[in-house]
């Protein structure tokens with residue numbers, strides 16, 4: 001039955017989220033095309049560049065926000081409004097219903113986050129490539145094309161430079177980044193679901209209660225996450241020596257990214273356990 | 001054979017008791033009218049039987065099994081409002097029911113749609129409210145369930161449609177199955193009922209056979225209802 005639930009959940013959610021995320025792809029392609037032209041080469045084009053940058057940023061934020069909000073609304077509508085009478089009377093367990101929504105919601109949220117990062121990277125790449133072409137920097141273009149041709153004056157490889165800045169080799173950095181995005185997406189989706197489930201415990205104004213729970217959980221998790229990520233790096237902020245500032249960024253990334261992933265994994269566990277407990281408990285449709 | 005058993009079923013909302021200590025047994029092969037004025041607790045009882053509302057205390061069993069996936073596979077439930085996604089096509093909803101309910105007879109469903117001249121390719125939101133009600137009824141009655149629970153199936157449709165709905169109910173249910181119909185339009189359904197359950201202020205007032213009650217009181221069920229629930 002979970003397979004069938006997943007099939008219908010996928011069909012239902014994709015109807016909205018597929019075009020929305022294709023919008024990010026389209027926006028990226030348009031952005032890359034614009035950046036590869038000479039349109040911004042003159043100083044007079046600065047206001048236009050700022051305007052387009054603002055438009056792009058706002059659009060991506062909107063697409064990302066809508067994706068997450070739609071995932072929450074879809075969960076709420078399917079399970080706790082009139083449609084709940086259909087889903088809660090299907091011959092399936094409540095946990096199966098929950099899992100189908102969690103899998104599909106987390107998948108789309110992750111796709112959205114990855115597309116957003118890839119979109120920013122693609123635009124950065126297009127801008128860098130065009131700038132290198134204008135300034136006639138062959139090695140820079142080569143580096144951007146295959147990432148390994150360029151050798152700096154002190155014969156340090158591009159990988160090594162990357163590691164010095166980001167603390168990881170490019171491949172490991174991408175893996176860690178993807179892991180962080182996926183875990184934070186799952187935790188965000190679960191946080192919304194948990195808030196909605198907590199809202200159902202209240203007799204009246206359940207939707208308002210859900211929003212209240214979401215805000216409360218969000219604030220608490222943000223404070224905790226900040227403490228977990230900043231406290232271990234406190235020595236980096238306090239140490240003013242030259243050696244320390246040289247390795248500040250790489251040390252920061254090295255400790256922050258794994259700490260962020262571990263924090264998200266702990267939050268996922270807590271949110272998941274609480275959600276499963278609540279969804280198994282009872283349903284009281286209005 | 002006992003199909004539905006409610007034991008000391010109670011539902012409270014804060015200090016308000018919506019349903020109190022309901023003890024009820026329904027045998028298979030009967031059509032039962034669940035009758036009571038607005039706010040008497042009919043829908044609350046139905047919601048607890050179908051598992052969309054948790055009782056404060058007491059138990060519900062369908063074929064000796066508590067409410068869960070197994071009991072839900074045996075109940076075909078028509079709520080008192082539209083519960084389908086309006087952006088779905090009728091055909092997609094048929095596929096959905098066919099996928100989830102092993103007892104769904106799609107041939108029967110499409111046949112009923114054709115008789116009512118409802119285009120399966122139409123989206124629900126493009127249909128009138130009455131037609132949407134008919135689609136829901138077709139879905140529910142196209143299952144070969146053990147227990148059909150219909151909450152106010154005729155309240156929001158015109159008299160001509162009422163006849164069609166009652167005819168659909170009677171001609172589509174299995175003789176070994178039972179139907180629990182909640183309504184306050186008693187005169188419309190009195191002739192098809194085998195038993196009646198009167199609920200008043202959340203308490204089970206009467207549960208008796210229609211013929212027995214008529215003979216005992218020398219009145220129609222509609223008249224008895226009006227006397228019992230006189231304001």
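Taking the number of Cβ atoms within 10 Å of each Cβ as an exposure proxy, the fewest-first ranking of A:1, B:48 is A:1, B:48. For segment B:1-55, how big is the tail of P(r) above 16 Å, as a whole percent of Cα pairs? Looking at segment B:1-55, the distances longer than 16 Å represent 45 percent of pairs. When Rg and the Kirkwood radius Rh are both evaluated on Cα atoms of the protein assembly as shown, their ratio Rg/Rh stands at 1.13.
If you run the Gaussian network model on chain A, springs between alpha carbon atoms under 10 Å, then out of A:118, A:207, A:46 the most flexible one is A:46. Sequence-distant contacts, meaning Cα pairs under 8 Å at least 6 residues apart, place the relative contact order of chain A at 21 percent.
Only Cα pairs under 8 Å and at least 6 apart count here; give the relative contact order of segment A:169-286 as a rounded whole percent. In percent, rounded to a whole number, it is 38. When each of A:183, B:56 is scored by the number of other beta-carbon atoms lying within 10 Å, the sequence from fewest to most is B:56, A:183. Annotation for residue A:45 and residue B:70: the two label points, set 7 Å from Cα along the Cα-Cβ direction, are 7.2 nm apart.
The overall shape of segment B:78-124, judged from the alpha-carbon gyration tensor, is rounded, with an a/c ratio under 1.5. Going by the alpha-carbon gyration tensor, a ≥ b ≥ c the square roots of its eigenvalues, is segment B:132-201 rounded (a/c under 1.5) or, if a/c is not under 1.5, prolate (a/b greater than b/c) versus oblate? Verdict is oblate for segment B:132-201. Subtracting the Cα-Cα distance of residue A:69 and residue A:165 from their residue separation scaled by 0.36 nm leaves 31.1 nm. Gain on full extension, evaluated as 0.36 nm per residue between residue A:77 and residue A:125 minus their Cα-Cα distance, stands at 13.2 nm. Separation of segment A:50-74 from segment A:13-41 is 13 Å, based on Cα centroids. Restricting the calculation to Cα atoms, segment A:169-286 shows an Rg/Rh of 1.13 when the hydrodynamic-style radius is the Kirkwood one. In terms of surrounding Cβ atoms within a 10 Å radius of their Cβ, A:108, A:10 rank from fewest to most as A:10, A:108. According to the square roots a ≥ b ≥ c of the eigenvalues of the Cα gyration tensor, what is the shape class of segment A:168-237, taking rounded for a/c under 1.5, prolate for a/b larger than b/c otherwise, and oblate for the remainder? Taking the square roots of the gyration eigenvalues as a ≥ b ≥ c, segment A:168-237 is oblate. So what's the gap between the Cα centers of segment A:258-283 and segment B:62-98, to the nearest angstrom? Taking the Cα centre of each part, segment A:258-283 and segment B:62-98 sit 30 Å apart.
Bear in mind that the values in this text are calculations on the coordinates, not laboratory data. All of these numbers come straight from a predicted model, not from anything done at the bench. Please note: Cβ atoms are built from the backbone with ideal geometry, for glycine as well, and neighbour counts cover all protein chains shown.
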